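The next block holds one structure in the form of structure tokens; read it before the comments.
The values are calculated or read from the model by the stated rules, or taken from the named source; none is laboratory data. Just so you know, these numbers come straight off a predicted model, no measurement behind them. No Cβ is skipped: glycine too gets one built from the backbone with ideal geometry, and neighbour counts run over all protein chains shown. Calculation scope for accessible area: heavy atoms of the full protein, side chains included, ligands and nucleic acids excluded. Shrake-Rupley method; radii C 1.70, N 1.55, O 1.52, S 1.80 Å.
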Amino acid sequence: MLSRRQTLATAFCLCCLPSRLRADAPVAFQEVAPGIHIRRGVDQNATAANQDAIANIGFIVGDDTVLVTDPGGSPADGRALRTAIRAATSKPIRYVLLSHIHPDHIFGAGAFLEDHPAFIGHHGLRESLASRGDFYQSHLNEILGPGGAGPIVQPNLPVNDVLELDLGHRRLTLRAHAPAHTSTDVSLFDHTTGTLLPADLLFVRRIPSLDGSLIGWIAQLPALAALRPARAVPGHGPVVVDFPQAAADLNRYLTALRDETRAAIAAGRDIQAATATIGQSERANWLLFDDYNTRNALEAYKELEWE
């Protein structure tokens with residue numbers, strides 16, 4: 001039988017649950033490449049102490065304007081980010097990237113409404129938020145208090161395939177991906193510094209969460225590697241990493257999940273029995289393994305049983 005916590009994770013990804021921000025929550029930003037500033041999220045599940053400030057978020061400064069990526073997991077997280085931007089530059093914030101559906105990356109967007117930016121998202125994000133946004137918001141409000149989750153901010157600049165932006169002598173390429181981590185993933189590549197910001201298409205040290213397509217996610221990693229980035233900023237983990245090594249670790253986990261799930265299905269094991277063992281070979285390699293691996297195994301089984 002699944003534990004109560006594992007059952008909850010199946011319905012609502014635990015990494016997306018926020019809470020109140022501690023005074024000592026991480027607010028320091030590191031300039032990982034010229035003009036690219038990133039705040040590392042804590043390697044925790046969201047708690048009443050961290051206000052869902054668990055994702056890596058930041059901003060990119062061009063000669064003319066600023067792009068935010070991502071706005072954070074709660075209004076407080078977004079406000080802290082906006083304060084950091086204003087301490088670094090007075091240039092206008094014209095773009096806010098919502099990299100995918102998960103609340104730890106996008107529920108800080110309300111903090112930027114006063115800037116009247118273009119809110120950028122995958123072409124499927126508006127529909128996904130229409131179907132899941134109220135559910136996410138209600139859970140956030142249960143933890144933060146009535147209205148504490150802030151508004152659901154819909155994208156108004158879709159990425160249908162590739163979107164090119166110029167921040168002022170700084171060209172960015174944003175790409176909408178097929179289902180992988182989620183069904184609404186967008187990556188960003190900064191041509192000036194060769195920096196890849198794949199958001200949650202890349203997890204480092206913290207166990208990935210599967211909410212899209214296991215096979216699709218595995219397929220996206222070589223496409224990202226083909227960009228030959230000088231560095232990468234994962235959605236969770238250290239703020240800057242070498243992409244080939246980090247992607248190899250992620251691919252190893254996803255491949256183990258695929259292969260062990262296929263073996264369990266071929267052996268005729270039902271979903272409850274299979275999810276107790278799938279992925280266990282990777283236990284020692286990932287933080288928060290017990291909080292997410294069962295959900296990942298469930299998602300993998302549901303995807304692969306009809307191959």
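Report whether or not Thr261 is closer than 27 Å to Ala46 by Cβ, touching a residue at least 24 places away in the same chain (Cβ under 8 Å), out of contact with any Pro (no Cβ under 8 Å at 6 or more places or on another chain) and among the hydroxyl-bearing types (Ser, Thr, Tyr). No: the conditions fail for Thr261. Of all residues in region 238-255, those that are closer than 24 Å to Gly58 by Cβ have Cβ atoms under 6 Å from Cβ atoms of residues that are open to solvent by 20 Å² or more (accessible area, probe 1.4 Å) and charged (D, E, K, R), 6 or more apart or on another chain, in Val239/Arg40; Val240/Arg231. Exactly one residue among Ala219, Ala247, Ala232 is surrounded by fewer than 22 Cβ atoms within 10 Å (Cβ to Cβ) and either more than 30 Å from Trp306 (Cβ to Cβ) or of a type in the set (Gly, Ala, Ser) (or both), and that residue is Ala219. Each residue in region 54-74 was checked for being closer than 22 Å to Thr195 by Cβ, under 17 Å from the mean Cα position of the chain (by Cα) and in a loop (DSSP other than H, G, I, E, B), and 6 of them qualify. Whenever a residue of region 203-214 is modelled with pLDDT of 95 or more and among the small types (Gly, Ala, Ser), its partners that are open to solvent by 20 Å² or more (accessible area, probe 1.4 Å) and assigned to a loop (DSSP other than H, G, I, E, B), lying with C-beta atoms within less than 9 angstrom and at least six residues away or across chains, give the pairs Gly212/Ala178; Gly212/Pro179; Gly212/Ser183; Ser213/Ala178; Ser213/Pro179; Ser213/Ser183. Asp104 meets all of the listed conditions (1) of a type in the set (D, E, K, R); (2) open to solvent by 10 Å² or more (accessible area, probe 1.4 Å); (3) touching a Cys at 6+ places or on another chain (Cβ under 9 Å) but one, namely (2). Ala230 meets each of the listed conditions (1) more than 24 Å from Ala46 (Cα to Cα); (2) without any contact (Cβ under 8 Å) to a residue 40 or more places away in the chain apart from (2).
For the structure I just gave you, tell me whether Asn293 is in contact (Cβ under 8 Å) with a residue 24 or more places away in the chain, closer than 14 Å to Ile207 by Cβ, buried (at least 17 other Cβ atoms within 10 Å of the Cβ) and of a type in the set (S, T, N, Q). The answer is yes for Asn293. Within region 268-287, restricting attention to residues that are crowded, with 18+ Cβ neighbours inside 10 Å and in a loop (DSSP other than H, G, I, E, B), the residue that is farthest from the chain's Cα centre (by Cα) is Ile278. The residues listed here are Ser183, Ser128, Ser138; of these, the one that is surrounded by fewer than 21 Cβ atoms within 10 Å (Cβ to Cβ), out of contact with any Asp or Glu (no Cβ under 7 Å at 6 or more places or on another chain) and modelled with pLDDT under 95 is Ser138.
Whether a residue is open to solvent by less than 30 Å² (accessible area, probe 1.4 Å) and part of a strand (DSSP E or B) was assessed, and Ser209 does not pass this test. In region 192-206, is there at least one residue being open to solvent by less than 10 Å² (accessible area, probe 1.4 Å) and small (Gly, Ala, Ser)? No; the residues of region 192-206 include none that is open to solvent by less than 10 Å² (accessible area, probe 1.4 Å) and small (Gly, Ala, Ser). Report yes if Pro238 is out of contact with any Phe, Trp or Tyr (no Cβ under 8 Å at 6 or more places or on another chain), open to solvent by less than 70 Å² (accessible area, probe 1.4 Å), at negative phi and at pLDDT 95 or above, otherwise no. Yes. Could you tell me whether any residue of region 88-108 is among the small types (Gly, Ala, Ser), part of a helix (DSSP H, G or I) and at pLDDT 95 or above? Yes, region 88-108 has at least one match. Only residues that are open to solvent by 10 Å² or more (accessible area, probe 1.4 Å), of a type in the set (D, E, K, R) and at pLDDT 95 or above were counted across region 38-84, and they come to 4.
Going by the conditions given, is Gly150 open to solvent by less than 10 Å² (accessible area, probe 1.4 Å) and more than 23 Å from Pro198 (Cβ to Cβ)? No, not satisfied. Of the listed requirements (1) closer than 24 Å to Thr294 by Cα; (2) open to solvent by less than 10 Å² (accessible area, probe 1.4 Å), Leu167 misses just one: (1).
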